[in-house]
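In what follows, a single structure is set out as structure tokens and then discussed.
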Amino acid sequence: MVRRCKRELEAAMGTSFTELGFAEAVTRWQQDETANAAALDVALRYAAWASHTAEGRAAHKGGVLFRAPRKLDYMKLVPVELTHVNGVDAWKLGDGHVRRREGFALTDPGMDLAGALDQSHYCIWCHEQGKDSCAHGLFEKVPADAAPPDNPFKKSPFGVTLAGCPLEEQISEFHKLRAEGWPLARAGDRSASTIRWWPRPGTASATIA
């Protein structure tokens, strides 16, 4: 059923399936939903499979389009399984999470451009509301008539004070500008609070302080 659905989808797209190609095709089809009703129905069924079934989530594990935000279980941040080694109980990572280390190289290749843009667009750009929590910390809510607490910051479930970025990076601003197409890097020393961005092709670069 899924294979047939994917074949129908690729036939409607006119090319092999990719998440970007899927998103672009659905955007085009939605401009005339009546004329593209059949293609949108196939796309809807595929998206439901990719988002809501274990098989679909596994097939798109490395992608960003069909991954929905979820609440974290802080007591189960690492997916481990109980096993037995020489008669002793032990914990191990699930088979889908084991990465063998070769020499001193990292076992995680890092995030690609699509993953970085996904995070930039997921950010709520809280600096626009005057509270960049990532940079300046997550503050406890204090009643107006209460005395200021000794420690104004919230703590994580592990008791870590959420005081923000110790490097004073302008995280929310970085995310917003990158989502708008402006790759960023800090130029000069941190005390100058200087940001430089590489522009879109055909425009000049700029630096702000």
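Some notes on this structure:
- Subset of the range 115-156 (residues that are surrounded by 15 or more Cβ atoms within 10 Å (Cβ to Cβ), hydrophobic (A, V, I, L, M, F, W, C) and within 21 Å of the chain's Cα centre (by Cα)): Ala116, Leu117, Cys123, Trp125, Cys126, Cys134, Ala135, Leu138
- Against the conditions (1) at pLDDT 90 or above; (2) among the basic types (Lys, Arg); (3) assigned to a loop (DSSP other than H, G, I, E, B), Lys61 satisfies every one except (1).
- Entry remark, the range 64-104: residues being of a type in the set (Val, Ile, Thr) and assigned to a loop (DSSP other than H, G, I, E, B) number 3 in total.
- Cβ-Cβ contacts under 8 Å between residues 6 or more apart (or on different chains), taken from a first residue in the range 133-153 that is over 17 Å from Gly164 (Cα atoms) to a second residue that is β-branched (Val, Ile, Thr) and assigned to a loop (DSSP other than H, G, I, E, B), are listed as Pro148/Val142; Pro149/Val142.
- Criterion (of a type outside the set (Phe, Trp, Tyr), touching a residue at least 24 places away in the same chain (Cβ under 8 Å) and either over 30 Å from Thr15 (Cβ atoms) or out of contact with any strand residue (DSSP E or B) (no Cβ under 7 Å at 6 or more places or on another chain) (or both)) met by exactly one of Leu44, Leu65: Leu65
- Subset of the range 1-57 that is of a type outside the set (Gly, Ala, Ser) and not in a helix (DSSP H, G or I) - its residue that is nearest to the chain's Cα centre (by Cα): Thr18
- Residue count for the range 48-75, restricted to those that are charged (D, E, K, R) and either assigned by TED's automatic domain parsing to the domain that holds Ile124 or closer than 21 Å to Met1 by Cβ (or both): 3.
The values are calculated or read from the model by the stated rules, or taken from the named source; none is laboratory data. This one's a predicted model, so the numbers in the text were calculated from it and none came from an experiment. Don't worry about glycine lacking a Cβ; one is built from the backbone with ideal geometry, like all the others, and counts go over all protein chains shown.
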